[in-house]
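Nothing in this text is a laboratory measurement; each read-out follows from the coordinates by a stated rule. Fair warning: this is a prediction, and the values are worked out from it, not measured in the lab. Ideal geometry is used to build each Cβ from the backbone, glycine not excepted, and the neighbour counts take in all protein chains shown.
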Amino acid sequence: MIPRVSLPWERRMITLEVRRCQPVSPGFATVTLGGPDIRHLVPGGPDQAVRLFFPREGQPELRMPTVSNEAWMAQVLLMPKAARPWVRNLTIRSLRPVERELDIEFALHGDSPMTSWVRRVRPGDPAGIFDLGSMYRPPEHARGRLLVGDESALPAILSILDSDPNPPPTDVFVEVASAYDIRSVSTPPGVRMHWLSRDSESLRPGVRALEAVGDAELPEAPLYAWVAGETRLATGVRRHLVNDRGVPKRDVSFYGYWRLGRSAPG
Ligand SMILES: Cc1cc2nc3c(=O)[nH]c(=O)nc-3n(C[C@H](O)[C@H](O)[C@H](O)COP(=O)(O)OP(=O)(O)OC[C@H]3O[C@@H](n4cnc5c(N)ncnc54)[C@H](O)[C@@H]3O)c2cc1C
């Protein structure tokens, strides 16, 4: 699945440092990164994502790729494992150029590389980013909007909501692991939040959101839909909208953010 993303014409590897880490709810934490090189980040759409580079446990320093093009991955894979950083995809939850800071919100789970790093970070620890672009592009003709995601897509959905104070009629379906992660979000008129929680290890992530969208009365057509999360959620909602609801393929942006049972490459 190759999502349609917009990228700036020039991107740079950017090295920053951790400023702070704050819990949001039992399953979420926000890490603030900052530093002078943040000026090289070109602000993109509201779901602008980055490759995040961070050291493996025990590594004394962060070794970043030196090339700022698609050859970076080969460069990382050629590093000896002892020196190679972890690389994960994350969304910029908010960017504050004046303070030279950005926030990333992490959905914590198990003892994965990303979760373990968030649990051990301290101010001053190094982290790097490389712009991945943005895929949120509502067409001019859209009169209604649908946003669907699991916990990994909640930061992007909240950024999308923050970016538009006068939105079209919008339904938002967010599935989180636990009811303790449901939070109060202030939204402008016309936005209806539908929170879903699994509260069970045996329920496949994304199933509750997929079912809820299938049963829902959707906002007025023409509709623009943005869907992200576990791969089967993203593809399942898209298939449903296109096959059962008659939404044109081009009006659905979808992105499999992660795959159940598989680690992200890098
Ligand atoms: C464009 C983009 C933007 C993203 N933005 C964010 C973001 O802002 N915040 C965020 O938290 N995630 C975000 N993600 C998802 C994140 O990159 C993946 O969840 C990533 O796999 C997490 O790495 P890890 O080290 O935790 O787990 P991995 O090492 O990749 O996987 C280890 C195990 O955990 C499982 N797993 C992976 N992610 C999850 C999850 N979320 N819940 C439960 N199990 C999981 C895998 O299936 C695997 O079995 C984004 C992904 C993309 C592509």
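General remarks:
- Among the residues of the range 152-169, those identified as surrounded by fewer than 22 Cβ atoms within 10 Å (Cβ to Cβ) and either more than 21 Å from residue 197 (Cβ to Cβ) or among the β-branched types (Val, Ile, Thr) (or both) are 162, 163, 164, 165, 166, 167, 168, 169.
- Filter result (outside any helix (DSSP H, G or I) and near the ligand (Cβ under 10 Å from one of its atoms)) within the range 149-166: 149, 150
- For the range 75-116, filtered to residues that are over 21 Å from residue 265 (Cα atoms) and in contact (Cβ under 8 Å) with a residue 60 or more places away in the chain, the residue that is nearest to the ligand (Cβ to nearest atom) is 93.
- Residue 220 falls short on exactly one of the conditions (1) in contact with a Leu (Cβ under 7 Å, 6 or more places away or on another chain); (2) assigned to a loop (DSSP other than H, G, I, E, B), and that condition is (1).
- Residue in the range 121-130 that is among the acidic types (Asp, Glu), within 17 Å of the chain's Cα centre (by Cα) and assigned to a loop (DSSP other than H, G, I, E, B) present: no
- Some residue of the range 174-188 being in a helix (DSSP H, G or I) and more than 14 Å from the ligand (Cβ to nearest atom): yes
- Residue 264 falls short of the stated requirement of being closer than 28 Å to residue 52 by Cα, part of a helix (DSSP H, G or I) and within 14 Å of the ligand (Cβ to nearest atom).
- Of all the listed residues (88, 63), the sole one being farther than 22 Å from residue 256 by Cα and surrounded by 13 or more Cβ atoms within 10 Å (Cβ to Cβ) is 63.
- Cβ pairs under 8 Å, 6+ apart, first in the range 221-242 and more than 16 Å from the ligand (Cβ to nearest atom), second polar (S, T, N, Q): 224/253; 225/253
- The residues on offer are 145, 119, and the sole one that is over 14 Å from residue 28 (Cα atoms) and either in contact (Cβ under 8 Å) with a residue 40 or more places away in the chain or not polar (S, T, N, Q) (or both) is 145.
- Residue within the range 246-253 that is under 27 Å from residue 178 (Cβ atoms), under 20 Å from the mean Cα position of the chain (by Cα) and in contact (Cβ under 8 Å) with a residue 60 or more places away in the chain present: no
- Selection from the range 191-246 of residues that are surrounded by fewer than 14 Cβ atoms within 10 Å (Cβ to Cβ) and under 17 Å from residue 172 (Cβ atoms): 192, 214, 215, 217, 220
- Checklist (1) farther than 18 Å from residue 108 by Cα; (2) surrounded by fewer than 18 Cβ atoms within 10 Å (Cβ to Cβ) applied to residue 263, failing item: (1)
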